[in-house]
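The values are calculated or read from the model by the stated rules, or taken from the named source; none is laboratory data. Just so it is clear, the structure is predicted and the values come from calculations on it, not from any experiment. No Cβ is skipped: glycine too gets one built from the backbone with ideal geometry, and neighbour counts run over all protein chains shown. These accessible areas exclude ligands, DNA and RNA; they are computed on the full protein's heavy atoms, side chains included. Shrake-Rupley method; radii C 1.70, N 1.55, O 1.52, S 1.80 Å.
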Amino acid sequence: MCPYHFEPIGWVHSPYKEKFAIPRQPGLVTAAQSHIRLRSDCNREEILRGLSGFSHLWLVFVFHEALRADWKPMVRPPRLGGNQKVGVFASRSPFRPNPIGLSVVTLEDIKQVNGQWQVHIGGGDLLDQTPILDIKPYIPYADSHPDARGDYAQEAPVTLDKIEFSALASEQITHLEQKYPRLHTLITQVLSQQPEPAYHNTNACAHTAARVYGMALYDLNVRWVRQQEGLVVTEVTPLG
Ligand code: SAM
């Protein structure tokens, strides 16, 4: 059936252990540090030679947790509130005929750890263990178009400014930052993206009780309460 077959050249190791709360595009959560480990026959210094001269990379990857046989020609982008449809090719939805994603990330470091080459990246929007099909350098003169039209996604999503931490969560994070530096910043940046479903934040829900949410970051469960004007992180505990 398919005349093309590609093996991943590596896999991402990222703090995002589930799809919920991953930013919707790269560059929105700069504190997210990930790395790519190359597959065995690509695990060689020459394949990466020259890459460190570039500040940004394109990652081509498989939406491996969106592999559905029944993709739909129209989707509802979250940026349109989840109630307007556009053609899937006018969207960045993971659910597409070929579930292939494309993200620009910063190149932070290239290093070898215990014989394994690692490409360290910043600001990713990829789930942990995402298979990477290719890495390409970002070339500013060809890839950057500051005057481009972005229709419904012209601007970055509106962020939530009022993010507070309970005394318990602050204490837990202070302790956890010995293992996960910048955890406080990471949680703040992720939650400022308002990951809760758009329909939870409509006026219809404005007068209902505050909702409790949870997300997995690293091996941690981060819980928060969304209120009308902001949110409070209530606790950060090891995952079950
Ligand atoms: N920047 C990429 C693009 O435009 O092709 C991805 C955009 S897509 C809207 C980003 C979302 O894909 C994330 O918020 C997350 O929910 C989801 N995602 C990330 N990695 C995934 C994976 N490996 N499988 C399925 N969904 C994934």
Legend entry - Subset tally (residues that are in a loop (DSSP other than H, G, I, E, B) and open to solvent by 50 Å² or more (accessible area, probe 1.4 Å)) for the range 1-20: 11
Inset, instruction - Out of the residues in the range 91-106 that are in contact with a Phe, Trp or Tyr (Cβ under 6 Å, 6 or more places away or on another chain) and assigned to a strand (DSSP E or B), state the one that is least open to solvent (accessible area, probe 1.4 Å). - result: Gly101
Inset, instruction - Return the only residue of Ala142, Ala148, Ala153 being small (Gly, Ala, Ser) and away from the ligand (no atom under 15 Å from the Cβ). - result: Ala142
Inset, instruction - Give Asp109, Asp134 a once-over and let me know the one that is within 30 Å of Ile9 (Cβ to Cβ), assigned to a strand (DSSP E or B) and either more than 16 Å from the ligand (Cβ to nearest atom) or hydroxyl-bearing (Ser, Thr, Tyr) (or both). - result: Asp109
Inset, instruction - Taking the residues in the range 112-131 that are assigned to a loop (DSSP other than H, G, I, E, B) and small (Gly, Ala, Ser) as candidates, determine which candidate is farthest from His35 (Cα to Cα). - result: Gly115
Legend entry - Within the range 26-41, tally of residues that are in a strand (DSSP E or B) and buried (at least 19 other Cβ atoms within 10 Å of the Cβ): 5
Inset, instruction - With the condition kept exactly as written, say whether any residue in the range 86-105 is in contact (Cβ under 8 Å) with a residue 12 or more places away in the chain and away from the ligand (no atom under 16 Å from the Cβ). - result: no
Legend entry - Per-region count, the range 153-163, residues surrounded by 13 or more Cβ atoms within 10 Å (Cβ to Cβ) and farther than 15 Å from Val29 by Cβ: 1
Legend entry - Inter-residue pairs, beta-carbon under 7 Å, first within 30 Å of Arg39 (Cα to Cα) and in the range 132-151, second open to solvent by less than 50 Å² (accessible area, probe 1.4 Å) and aromatic (Phe, Trp, Tyr), 6+ apart: Ile132/Phe61; Leu133/Phe61
Inset, instruction - Evaluate the range 45-55: report whether one residue or more is more than 20 Å from Lys19 (Cβ to Cβ), within 13 Å of the ligand (Cβ to nearest atom) and not aliphatic (A, V, I, L, M). - result: no
Legend entry - Val60 being over 25 Å from Ala216 (Cβ atoms), within 12 Å of the ligand (Cβ to nearest atom) and at pLDDT 95 or above: yes
Inset, instruction - Pull up the range 122-138, narrow it to residues that are closer than 21 Å to Pro195 by Cβ and in contact with a His (Cβ under 8 Å, 6 or more places away or on another chain), then point me to the one that is most open to solvent (accessible area, probe 1.4 Å). - result: Gln129
Inset, instruction - Check the range 69-85 and report whether any residue there is open to solvent by less than 30 Å² (accessible area, probe 1.4 Å) and within 13 Å of the ligand (Cβ to nearest atom). - result: yes
Inset, instruction - Confirm whether Pro23 is closer than 22 Å to Tyr138 by Cβ and crowded, with 17+ Cβ neighbours inside 10 Å. - result: yes
Legend entry - the range 79-126, residues that are in contact with a Leu (Cβ under 7 Å, 6 or more places away or on another chain) and among the small types (Gly, Ala, Ser): Ser103
Inset, instruction - Identify the single condition in (1) open to solvent by less than 70 Å² (accessible area, probe 1.4 Å); (2) out of contact with any Asp or Glu (no Cβ under 8 Å at 6 or more places or on another chain); (3) at pLDDT 95 or above that Ala66 does not satisfy, given that it satisfies every other one. - result: (3)
